[in-house]
Amino acid sequence: MPTYAKTTRELMYEYIEVKGIQKGDVILRSDIVAWFNTNYPKTKPGTITGHLTRMTTNAPSRLHHSLMNGDSLFYQIDKGRYVLYEASVHPEPITPENEKNAQELEEEKIVEREEQRHSEFAYERDLQSFLAKNLSVIEPGLILYEDEGINGIEYDAGGRRIDILAVDRDNHLVVIELKVSRGYDRVIGQLLRYVNWVKKNVAEAGQNVRGVIISREISNDLLIACEELNHISLYEYEMSVRLKCVNHELATV
């Protein structure tokens, strides 16, 4: 439920109006967050940045959230900087209908930077998609986090992305980090940063936050690093393929 009479989505439009922002004016992510902190301080920072992603026309992660008419408000020009979206100037907004083209463009950029990283990203996205729909395989009662239409897939954590943010059966938050290759000890630093960010920016009073690392193989150094971290769980996943014959009887001559 919205914290205020207006939803965070509606407050984004109020921000534009109050600030007198015109087409072409540069909008800073930090200014949006600061405006909410001053005028609507009960709005969670995670909800603010989640709506910013949802309403940014060229943000691929917007597809993880339910899109509505009027969500094409911003266009991102570089990290932390935006302008108002203009249909006559900017590319068509990324929507479920043109998702394939958007994904292809994103993957092309990844290939240009690092071909190996691209292949791992594609696989990690498949793992993420499966787990987000089947969180109970991690533990019973685990569900995807959601707040005002912003869900926990690639959840914006101050400019970084949490693979999956979930809620357990006791209403505590669970930060899930995925690694398609081997899980090394450096992963724990990334996860702890996310856990603490969620504690400060998403968790409500009395709501605990813990972390989960899921990897094809958990290395010994990661096991050692997590030995005394009771709020961190480590999982290894296994993939299997089952074939089913669809034509039960072979034709005979």
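From (1) over 24 Å from residue 124 (Cα atoms); (2) touching a Leu at 6+ places or on another chain (Cβ under 6 Å); (3) not hydroxyl-bearing (Ser, Thr, Tyr), pick out the condition that doesn't hold for residue 227.
It is condition (2) that residue 227 fails.
What is the number of the single condition among (1) at pLDDT 90 or above; (2) farther than 19 Å from residue 97 by Cβ that residue 73 does not meet?
It fails just one condition, (2).
List the residue pairs whose Cβ atoms are under 7 Å apart, where the first residue sits in the range 38-54 and is in the same structural domain as residue 66 (by TED's automatic domain parsing) and touching a residue at least 60 places away in the same chain (Cβ under 8 Å), the second is small (Gly, Ala, Ser) and buried (at least 20 other Cβ atoms within 10 Å of the Cβ), and the two are 6 or more positions apart or on different chains.
Cβ pairs passing all conditions: 53/59.
Tell me, which residue of the range 1-37 that is touching a residue at least 60 places away in the same chain (Cβ under 8 Å) and basic (Lys, Arg) is nearest to residue 89 (Cα to Cα)?
So, considering only residues that are touching a residue at least 60 places away in the same chain (Cβ under 8 Å) and basic (Lys, Arg), the one nearest to residue 89 (Cα to Cα) is 23.
Could you please let me know if residue 55 is of a type outside the set (Asp, Glu), in contact with a Lys or Arg (Cβ under 9 Å, 6 or more places away or on another chain) and under 15 Å from residue 148 (Cα atoms)? Outline the logic, then answer.
Values: of a type outside the set (Asp, Glu): yes; in contact with a Lys or Arg (Cβ under 9 Å, 6 or more places away or on another chain): yes; under 15 Å from residue 148 (Cα atoms): yes.
When the stated conditions are applied, residue 55 passes them.
Within the range 1-64, considering only helices (runs of 4 or more DSSP H) that don't extend past its boundaries, which have at least 3 residues that are of a type in the set (Asp, Glu)? Steps first, answer last, please.
Values: elements: 8-19, 29-39, 45-54.
Once the helices (runs of 4 or more DSSP H) in the range 1-64 are filtered for at least 3 residues that are of a type in the set (Asp, Glu), what remains is 8-19.
Can you tell me which residue within the range 65-74, out of those that are assigned to a loop (DSSP other than H, G, I, E, B) and of a type in the set (A, V, I, L, M, F, W, C), is surrounded by the most Cβ atoms within 10 Å (Cβ to Cβ)?
Filtering the range 65-74 down to residues assigned to a loop (DSSP other than H, G, I, E, B) leaves 65-73.
With the extra rule that they be of a type in the set (A, V, I, L, M, F, W, C), the set shrinks to 67-68, 73.
Details: 67: 16, 68: 11, 73: 21.
Going through the qualifying residues, I end up with 73.
Filter the range 75-97 down to the residues that are surrounded by 13 or more Cβ atoms within 10 Å (Cβ to Cβ) and of a type in the set (S, T, N, Q), then identify the one that is farthest from residue 16 (Cα to Cα).
Selected residue: 95.
Of the conditions (1) touching a Phe, Trp or Tyr at 6+ places or on another chain (Cβ under 9 Å); (2) assigned to a strand (DSSP E or B); (3) surrounded by 20 or more Cβ atoms within 10 Å (Cβ to Cβ), residue 198 clears all except one; give me its number.
(2)
The values are calculated or read from the model by the stated rules, or taken from the named source; none is laboratory data. Everything quoted here is computed from the prediction, not taken from an experiment. Every residue, glycine as well, gets a Cβ built from its backbone with ideal geometry; the counts of neighbours run over all protein chains shown.
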